Amino acid sequence: MAIKHLHNVLIVVEDLDAVIAFLVELGMELEHKGPLEGDWAERVIGLEDVRQDIAMLRTPDGHGHVELAKFHRPAAITPEPRDVPANTLGLRRIMFEVDDIEDTVARLRTHGAELVGELVRYEDVYRLCYVRGPEGIVVGLAEAVG
């Protein structure tokens, strides 16, 4: 077997604290926040003269992680347009299962989140929606039905 488990997903951000607050409101727990730089980091990501701050957050079950990075050097590159539609190539969203989808959306709205489409029911399995949070980050939410 080649893969043991998914370790983390990286999101490059401009406002590290705003995105941390958004993900903590979602229910993630901040594990670590601090600078990350040095020769080893530059070699692994293929950039030179790197200075960044990172934050590692974990899901309550301890199995899923989201890593956030704010680059001070070299400057981050902003794609255009910033808020791309769902059919754009590349990573579009991360999805979390939640206990109460309406409560979660309401709490995330206090951090600037907006529904991308609608809250819908998928058969007798899930209630689903996508929310766009700080910096255009799209998070899928799923609440099990029954």
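In the range 42-142, which strands (runs of 3 or more DSSP E) lie fully inside it and hold 1 or more residues that are surrounded by fewer than 16 Cβ atoms within 10 Å (Cβ to Cβ), touching a residue at least 60 places away in the same chain (Cβ under 8 Å) and aliphatic (A, V, I, L, M)?
The qualifying strands (runs of 3 or more DSSP E) are 94-97.
From the list L10, L30, L26, L47, pick out the single residue that is in contact with a helix residue (DSSP H, G or I) (Cβ under 7 Å, 6 or more places away or on another chain) and either among the aromatic types (F, W, Y) or farther than 18 Å from A113 by Cβ (or both).
Going through L10, L30, L26, L47 in turn, the sole match is L30.
Any residue at all in the range 4-20 that's surrounded by 15 or more Cβ atoms within 10 Å (Cβ to Cβ), at pLDDT 90 or above and not aliphatic (A, V, I, L, M)?
no
For the range 91-129, what are the residues that are under 26 Å from H7 (Cα atoms) and among the polar types (S, T, N, Q)?
Within the range 91-129, just T104 meets the criteria.
Look at the range 25-37 and say how many of its residues are closer than 23 Å to D100 by Cα and either surrounded by 14 or more Cβ atoms within 10 Å (Cβ to Cβ) or in contact (Cβ under 8 Å) with a residue 40 or more places away in the chain (or both).
Final tally of qualifying residues: 5.
The values are calculated or read from the model by the stated rules, or taken from the named source; none is laboratory data. Keep in mind that what you see is a predicted model, and the values were worked out from it rather than measured. Note that each Cβ is placed from the backbone with ideal geometry, even for glycine, and that neighbours are counted across all protein chains shown.
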